[in-house]
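Participant: Take a look at the following structure, please.
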Amino acid sequence: MTSPKQIQLENIAESDYEIFALLKQRYSPRTFKDVRVKKQHLNQLFEAARWSPSCNNIQPWRFIYAEKNSEAYQNIISCLSDFNKEWVVNAPLLMITAYEKKTEDHKDNFHALHDLGLAIGNMTTQAQYMGIAMHQMAGLDWQQAEKLFNVPENYHITSAIALGYYGGELDKLSPELQKAELKERQRIDQSQFAFMDSWKTIKHDDD
Ligand SMILES: Cc1cc2nc3c(=O)[nH]c(=O)nc-3n(C[C@H](O)[C@H](O)[C@H](O)COP(=O)(O)O)c2cc1C
């Protein structure tokens with residue numbers, strides 16, 4: 001049996017350049033320690049989101065969270081894709097995320113999605129500092145979630161997040177997901193996304 005600590009060590013990013021340890025250590029697990037997330041810790045995570053920068057300081061991010069064994073937790077699960085439903089039950093806490101679509105003067109807030117992502121990014125790093133993992137999910141029926149959670153028309157549900165302290169046993173996962181949990185982590189090279197002076201069209205092997 002691969003111990004949770006060993007899995008965490010194996011998932012440390014092999015970065016090409018030295019980066020902040022918390023960024024190297026973060027990954028998106030499918031198992032979590034079977035322990036309730038402390039209220040104080042949850043407040044610290046939302047505080048990290050709260051102090052994120054945002055366009056015109058609009059702070060368009062919104063979160064709905066629910067603890068395991070609650071009706072709201074089951075409601076979040078009911079909106080997830082079958083693939084996510086398979087492992088997400090290991091998380092003691094689930095969230096759905098949303099952003100406010102319009103500015104005060106009723107214009108489209110083009111940067112709202114950007115700002116939500118930034119807030120989640122900050123929350124993720126704060127979470128890592130506290131030994132908490134956040135696994136984000138696009139695989140959800142956002143229309144169903146908007147109905148179930150009475151989301152006002154001016155907001156758009158974007159993603160779900162499974163959250164809990166790192167840990168949990170691999171054998172809670174199917175053999176395929178166990179493999180995925182231990183798979184080598186990969187990233188595209190910096191040269192494929194950071195361009196000096198002008199846009200560079202990258203030729204892919206299959207072009
Ligand atoms: C916006 C977003 C949506 C994602 N959707 C899913 C999802 O529906 N199901 C899933 O298992 N993982 C999902 N992930 C996790 C990614 O697959 C994961 O972040 C990526 O493979 C890199 O792995 P790492 O986070 O462990 O570094 C999502 C991540 C993000 C940021």
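Participant: Keeping to the stretch 49-87, report how many residues are in contact with a Ser or Thr (Cβ under 7 Å, 6 or more places away or on another chain) and either in a loop (DSSP other than H, G, I, E, B) or of a type in the set (A, V, I, L, M) (or both).
Facilitator: So the answer is 2.
Participant: Across the stretch 17-30, which residue is nearest to VAL89 (Cα to Cα) among those that are out of contact with any strand residue (DSSP E or B) (no Cβ under 9 Å at 6 or more places or on another chain) and either within 15 Å of the ligand (Cβ to nearest atom) or not in a loop (DSSP other than H, G, I, E, B) (or both)?
Facilitator: GLN25
Participant: Something else about it: Do we find a residue being farther than 25 Å from GLY139 by Cα and either away from the ligand (no atom under 13 Å from the Cβ) or without any contact (Cβ under 8 Å) to a residue 40 or more places away in the chain (or both) anywhere in the stretch 69-84?
Facilitator: Among the residues of the stretch 69-84, not one is farther than 25 Å from GLY139 by Cα and either away from the ligand (no atom under 13 Å from the Cβ) or without any contact (Cβ under 8 Å) to a residue 40 or more places away in the chain (or both), which makes the answer no.
Participant: When residues of the stretch 17-45 are filtered for being crowded, with 17+ Cβ neighbours inside 10 Å and of a type in the set (Phe, Trp, Tyr), how many remain?
Facilitator: So the answer is 2.
Participant: ALA49 versus (1) closer than 23 Å to GLU176 by Cα; (2) aliphatic (A, V, I, L, M); (3) touching a helix residue (DSSP H, G or I) at 6+ places or on another chain (Cβ under 7 Å): which is the lone unmet condition?
Facilitator: Here ALA49 clears every test but (1).
Any read-out appearing in this document is the output of simple, stated calculations on the displayed coordinates, not a laboratory observation. As the structure is a prediction and not an experimental result, all values here were calculated from the model. Neighbour counts run over all protein chains shown; Cβ positions are idealised from the backbone, glycine included.
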